[in-house]
Amino acid sequence: MNDGSVDPRDELVTHLGALRAFALSLTRNSSAADDLVQDTILKAWSNIDRFQRGTNLRAWLFTILRNTFYSGRRKTRREVADVDGIHASRLATKPDHDGRLALADFRVAFEQLPDEQREALILVGASGFAYEEAAQMCGVAVGTIKSRANRGRKRLAELLQLAEGEELTMTDPATMAVMAASASSG
């Protein structure tokens, strides 16, 4: 949170990691995520006079990134989709993981979620935003974000074939944050 006394441009670099993680969750491609973060920072820098000092710089940046992503998607609707996933499978790498469920399995399941559910889970789960902040960034009601996150968690549990009440056993903190409360939010 920017207290108004610090130039927000000086704080941009502190948010790069979170921006990249969010961009990666949306684009599912490292290079595209880097481009999206670069575009976001460029837009933020160019429009820094529109940022209201004393408000949440991180939320402002996430909103710019989100809007940039969806604007780009609208522009590329006519491109050929990777329906069978051949191209995407060549871009993925299998991580070393010591949990009972490989991180690659989680990624495959997570990528099957609709964009809105994936976005809600990243914002409120992995990025730690409150439902209210996420709703404001997405331009929807708080109940809509809660619903999207809940449906996303339930669908992930189905895709991962978790029995009701069964907990996901993984050591990756971001994955655990996304799946947090899946049993309690039902």
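The values are calculated or read from the model by the stated rules, or taken from the named source; none is laboratory data. Since the model is a prediction, treat every value here as computed from it, not as a measurement. Cβ atoms come from the backbone with ideal geometry, glycine included; neighbour counts cover every protein chain shown. SASA here: full protein model, heavy atoms, side chains in, ligands and nucleic acids out. Shrake-Rupley method; radii C 1.70, N 1.55, O 1.52, S 1.80 Å.
Note on the stretch 121-138: among residues that are within 23 Å of Phe106 (Cα to Cα) and not in a helix (DSSP H, G or I), the one that is most open to solvent (accessible area, probe 1.4 Å) is Gly128. For the stretch 10-30, a residue qualifies if it is open to solvent by 70 Å² or more (accessible area, probe 1.4 Å) and under 17 Å from Tyr70 (Cα atoms), and the qualifying residues are Arg20, Arg28. Can you pull out the residues in the stretch 46-61 that are open to solvent by 30 Å² or more (accessible area, probe 1.4 Å), in a helix (DSSP H, G or I) and farther than 12 Å from Glu11 by Cβ? Within the stretch 46-61, Ser46, Asp49, Arg50 meet the criteria.
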